[in-house]
1. Of these, Thr36, Thr49, which one is modelled with pLDDT under 90, hydroxyl-bearing (Ser, Thr, Tyr) and surrounded by 14 or more Cβ atoms within 10 Å (Cβ to Cβ)?
2. Which residue pairs have Cβ atoms under 6 Å apart, sit 6 or more places apart or on different chains, and have a first residue in the range 368-391 that is at positive phi and a second that is open to solvent by 50 Å² or more (accessible area, probe 1.4 Å)?
3. Among the residues of the range 207-220, is any hydrophobic (A, V, I, L, M, F, W, C), assigned to a strand (DSSP E or B), closer than 30 Å to Phe90 by Cβ and open to solvent by 80 Å² or more (accessible area, probe 1.4 Å)?
4. Which ones in the range 117-138 are open to solvent by less than 90 Å² (accessible area, probe 1.4 Å) and either farther than 17 Å from Ile176 by Cβ or within 60 Å of the chain's Cα centre (by Cα) (or both)?
5. Across the range 234-244, what is the total count of residues that are under 22 Å from Arg264 (Cα atoms) and surrounded by fewer than 17 Cβ atoms within 10 Å (Cβ to Cβ)?
6. Arg247: free of Cβ contacts under 8 Å to residues at least 12 places away in the same chain and closer than 16 Å to Asp288 by Cβ, yes or no?
7. Go through (1) touching a Lys or Arg at 6+ places or on another chain (Cβ under 8 Å); (2) among the polar types (S, T, N, Q); (3) at pLDDT below 90 for Thr254 and report which single condition fails.
8. Could you tell me whether the range 258-275 includes any residue that is farther than 14 Å from Arg68 by Cβ, of a type in the set (S, T, N, Q) and surrounded by fewer than 15 Cβ atoms within 10 Å (Cβ to Cβ)?
Amino acid sequence: MSLSASPFARVSSASAWHRLAAVAFLLLVLAACSATDAGEAPPNPVHVTTERAQFASYYERSRRFVGRVEFSQSSALGFELGGRLAVIDFEEGDAVQAGDPIARLDVERLQARRVELEAQLDEAQATLELAQLRDRRAQRLIREDVVSTQRADDARLERTARRAAMARVEAAIERIDLDLAKSTLRAPFSGRIARRFADVGEVVEAGAAVVELLEVGRPEVRIGVSRDVAAKLRPGDPFDLRVHGVRTAATVLTVLPERDRETRTVSVRFAIDTPTPGLREGDLADLDWRERVDAEGFWLPRAALTEGTRGLWAAYVANGANVTNGAIATDEGAPADGPAPTALSRIERRPVEILHELDRAVFVRGAIREGDQVVQTGVHRLVPGQLAHVVEREASRPPIHAAAHRETL
């Protein structure tokens, strides 16, 4: 019988070799990871551009609040009594002056009633004259002791009743004249017809809107702001608003005492002081509110930050004296133009916290000191401890007064 190894022995041997190979590969991966975690730099340095960190004790925050253009008066005009609409003298968009007739109701029924009342007035006046004659006659006869006192009293009281009846008819005529006057709808102020709600021939009810009139001479802006901003505003304060993309001078008229129930903002009314052609009801207007925030930190470009741990960010700093005086050959990141590298430094990773953001810059605080050489771009290809050729550029002015960033409420 052959003593050669069984197939099961060969399989077990192969499995053992596979396990050994896997363990060796795992050890190599762990060693590589340990080397990376230890911050071992790659053999070739890179070229980086740095700028010295400049300390700042504050920054300015710009916030944008949006509102609507309104006119100081906007009225939906209607008649105080109902009737058939007979005439509308203006169309939408037409300008009117204060007191101009805008629309009229059909007044035929009122005119007929007035004619009837005039006839009643003539009758009442005639009966009053007759009662006055009887009263004077009765007074004369009672002095001559011809008639009794009762007849004289009857004549006097009849004269009073006839006078009251005549006054009642006169009051009815005055009421008709008042209704006739109210049958003509007049402009209470100069403005422009914004909308028409009825047409000629329609029967309108008392108080129903016929036209909407806007006063175009004194435009205003109503803007909802936060409570802290509203507390700093006073009537008469000058501001620059932006309407139609153009800066417009405005003045605070009043700060309303209550919050808006929907937006939870405080409404502020502004008077527009600069003539703005083409201004319409409902146009948007912006208020740029700037406020100083006292905080110590540094301005960095956005490109200088990389993600850190625990919600923080990180920046790379290239500080220290030259690591070596000899030239080290590199083909990674060498600048084609610009000044030659001035130093060869090791890269350090510094954690920072963002306090304020602009479009292209951030205000941070953290492990950065005044004068540190902060790497400006290309941080994605850097690791802590890496050697780098440093090109220092002239420090730019911190964007403390930058207004490009806006926070919309």
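1. Thr49
2. Gly371/Arg52; Gly385/Arg346
3. No - not one qualifying residue is present in the range 207-220.
4. Let us first name the residues in the range 117-138 that are open to solvent by less than 90 Å² (accessible area, probe 1.4 Å), namely 117-121, 124-128, 130-133, 135, 138.
Hits for the range 117-138 are Leu117, Gln125, Ala126, Thr127, Leu128, Leu130, Ala131, Gln132, Leu133, Asp135, Ala138.
5. So the first thing to find is which residues in the range 234-244 are under 22 Å from Arg264 (Cα atoms), and the list is 234-235, 241.
Filter once more, so that each one left must be surrounded by fewer than 17 Cβ atoms within 10 Å (Cβ to Cβ): 234-235.
Residues that pass the stated criteria total 2.
6. On the way: free of Cβ contacts under 8 Å to residues at least 12 places away in the same chain: yes; closer than 16 Å to Asp288 by Cβ: yes.
Considered against the rule, which asks whether it is free of Cβ contacts under 8 Å to residues at least 12 places away in the same chain and closer than 16 Å to Asp288 by Cβ, Arg247 comes out as yes.
7. Single failed check for Thr254: (3).
8. yes
The values are calculated or read from the model by the stated rules, or taken from the named source; none is laboratory data. Since the model is a prediction, treat every value here as computed from it, not as a measurement. With ideal geometry, Cβ positions are generated from the backbone for all residues, glycine too; neighbour counts draw on all protein chains shown. Ligands, DNA and RNA are excluded from the accessible area calculation, which covers all protein heavy atoms including side chains. Shrake-Rupley method; radii C 1.70, N 1.55, O 1.52, S 1.80 Å.
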